[in-house]
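**Q** Could you have a look at this structure, given as C-alpha cells, before my questions?
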Amino acid sequence: MEFLRPATWDEALAAKAENPSALPISGGTDVMVELNFDRHRPGALLDLNRITELTTWESGTYEGQEGEVIRLGSAVPYARITKELSGPLQGLSIAGNTVGSPQIRNRGSVGGNLGGASPAGDAHPALLAAGKDVFVEAESVRGTRLIAIDDFYVGVKRNSLEPDELIRAIRIPVADGPQQFSKIGTRNAMVIAVCAFGFALHPKNGTVGTGIGSAAPTPRRAAEAEQFLADELASRGLWESGGLIGPAAVQRFGELVSAAASPIDDVRGSAAYRRHALAVMARRTLTWTWNEYTQSLRSAAA
Ligand SMILES: Cc1cc2nc3c(=O)[nH]c(=O)nc-3n(C[C@H](O)[C@H](O)[C@H](O)COP(=O)(O)OP(=O)(O)OC[C@H]3O[C@@H](n4cnc5c(N)ncnc54)[C@H](O)[C@@H]3O)c2cc1C
C-alpha cells in the first residue's frame, strides 16, 4: 500500500487529484479500524496529519452566511471542540463529548465523521440542527465548493464529495440560542448510537433546527417538526414572552420527529424502539433548551 504524506494543503490536493482513489486519513479512528479488520484495503493512504491548518479554527463573517461563523478545520479533534468552542458550537460540542472515549476524542474529528458519513455519526445531528446555513468546504485543485449540509449526505456511508475533493473545513454559524444533543446507547461511553437527536433554537430568525441520527439511511432533519414548532412559537408570541410551550405542543413535536425517521431493526435496536426513543429525546431536548432560553430572557430583563 502506498503511503502519501503531503506537507502542505496544496500538495494534498495535488496528490488527491493524481490519486483519486487514495483514502484520506485524519485522526484515523475510523480508517484504522477498517484496515485492522481488513474490511478495506485501499491502494494508497493520503495522510493529512502534517497539514497544520486543518487543526485550526477561526471565527468571521462569510458571504452567503448570516452573522458570525466558525470555520472549523476538518481535523480539529472533538476534545478541542468541547474545550474551546462549547459556547459558539454548543450542540456540536455536546455531541463531540459523547464520542467514544477520551483517546478517541483526542484524535477523532468532524471532517472524519463527514468523510465516513455513517448514519450513526454523532456530529451529523448537531450539524443539521445548527441550521441550513452550515456548509462543508470541499476543495480540490479545481477550486473550493461549498456544500450545504442538507445536500451532503447522499446514501448509507456516502457523501457528495467528488473523488478529487478533500474537506478543508466546516462553516457553522455561531449559536444564537440554546442547542442540545441526546444519544441512546447500551452504556454511556464507547458505543455507536442506537439513535441520536440534535436540537437547536434559533431565536434570531424564529426557526428551530433538528437532526436525526442512526434512524434512517442518512442523517436527516425532521422538517415537518421544525415547521410545526416554529409556527407554534411564532403564533403564540412565545419567543418574546418566554411562556410555556405546553404539553400538547411538546408531545406533537416528539411525534413529528419520530415520524420523520425511517429506522430499521438491527442488532442495536428495533425500529419501534428507535421511533419511541426519538420522540422522548425530542421532547427532552426541547424542554431543556426552552428552559435555558426562558432563563436567559429573565436574566436579560432583570
Ligand atoms: C472505539 C471507537 C469509538 C467510537 N465512538 C464513536 C462515537 O461514539 N460516535 C461517533 O460518531 N463515532 C465514533 N467512532 C468513529 C470515529 O471516531 C468518528 O467517526 C470520527 O469522527 C472519525 O474522525 P477521524 O478524524 O478519526 O477520521 P478518519 O478515521 O481519519 O477518517 C474517517 C473517514 O473520513 C475520511 N476523511 C478524513 N479526513 C478527510 C478529509 N479532510 N477530507 C475528506 N475525507 C476525509 C477518511 O478517508 C475516512 O473515510 C468511534 C471509533 C472508535 C474506534
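The values are calculated or read from the model by the stated rules, or taken from the named source; none is laboratory data. Computed from a predicted structure; not experimentally measured. Glycine gets a Cβ as well: all are built from the backbone with ideal geometry, and neighbour counts include every protein chain shown.
**Q** Quick check, is Thr8 more than 21 Å from Ile147 (Cβ to Cβ), loosely packed, with under 13 Cβ neighbours inside 10 Å and away from the ligand (no atom under 13 Å from the Cβ)? Lay out the reasoning, then the answer.
**A** Values: more than 21 Å from Ile147 (Cβ to Cβ): yes; loosely packed, with under 13 Cβ neighbours inside 10 Å: yes; away from the ligand (no atom under 13 Å from the Cβ): yes.
In short, yes.
**Q** Let me ask something else about it. Could you grab me the full set of residues in segment 16-32 that are within 12 Å of the ligand (Cβ to nearest atom) and surrounded by 15 or more Cβ atoms within 10 Å (Cβ to Cβ)?
**A** Hits for segment 16-32 are Lys16, Ala22, Leu23, Pro24, Ile25, Ser26, Gly27, Gly28, Thr29, Asp30, Val31.
**Q** Would you mind stating whether Leu35 is within 13 Å of the ligand (Cβ to nearest atom), free of Cβ contacts under 8 Å to residues at least 24 places away in the same chain and surrounded by 13 or more Cβ atoms within 10 Å (Cβ to Cβ)?
**A** Details: within 13 Å of the ligand (Cβ to nearest atom): yes; free of Cβ contacts under 8 Å to residues at least 24 places away in the same chain: yes; surrounded by 13 or more Cβ atoms within 10 Å (Cβ to Cβ): yes.
The answer is yes for Leu35.
**Q** In addition: Of the conditions (1) acidic (Asp, Glu); (2) surrounded by 13 or more Cβ atoms within 10 Å (Cβ to Cβ); (3) closer than 30 Å to Gly155 by Cβ, Asp265 fails just one. Which one is it?
**A** The single condition Asp265 does not satisfy is (2).
**Q** If I filter segment 143-163 down to residues being within 11 Å of the ligand (Cβ to nearest atom) and not in a strand (DSSP E or B), which single residue comes out as nearest to Gly121 (Cα to Cα)?
**A** The residue in question is Lys157.
**Q** Quick check, is Ser59 away from the ligand (no atom under 13 Å from the Cβ), surrounded by fewer than 20 Cβ atoms within 10 Å (Cβ to Cβ) and under 15 Å from the mean Cα position of the chain (by Cα)? Spell out the reasoning first.
**A** Details: away from the ligand (no atom under 13 Å from the Cβ): yes; surrounded by fewer than 20 Cβ atoms within 10 Å (Cβ to Cβ): yes; under 15 Å from the mean Cα position of the chain (by Cα): no.
Against the criterion (away from the ligand (no atom under 13 Å from the Cβ), surrounded by fewer than 20 Cβ atoms within 10 Å (Cβ to Cβ) and under 15 Å from the mean Cα position of the chain (by Cα)), Ser59 does not qualify.
**Q** Spot the failing condition for Gly67; the list is (1) modelled with pLDDT under 95; (2) farther than 17 Å from Pro173 by Cα, and only one is missed.
**A** (2)
**Q** Counting only residues that are in a helix (DSSP H, G or I) and among the polar types (S, T, N, Q), which one in segment 99-142 is surrounded by the most Cβ atoms within 10 Å (Cβ to Cβ)? First the steps, then the outcome.
**A** Keep residues of segment 99-142 that are in a helix (DSSP H, G or I), which gives 102-107, 110-116, 123-129.
Among the residues that remain, those that are also among the polar types (S, T, N, Q) are: 103, 106, 113.
Working: Gln103: 11, Asn106: 14, Asn113: 28.
Only one residue fits best here, namely Asn113.
**Q** Please determine, by comparing only the residues of segment 128-177 that are of a type in the set (Gly, Ala, Ser) and more than 15 Å from the chain's Cα centre (by Cα), which one is farthest from Gly111 (Cα to Cα).
**A** Gly177
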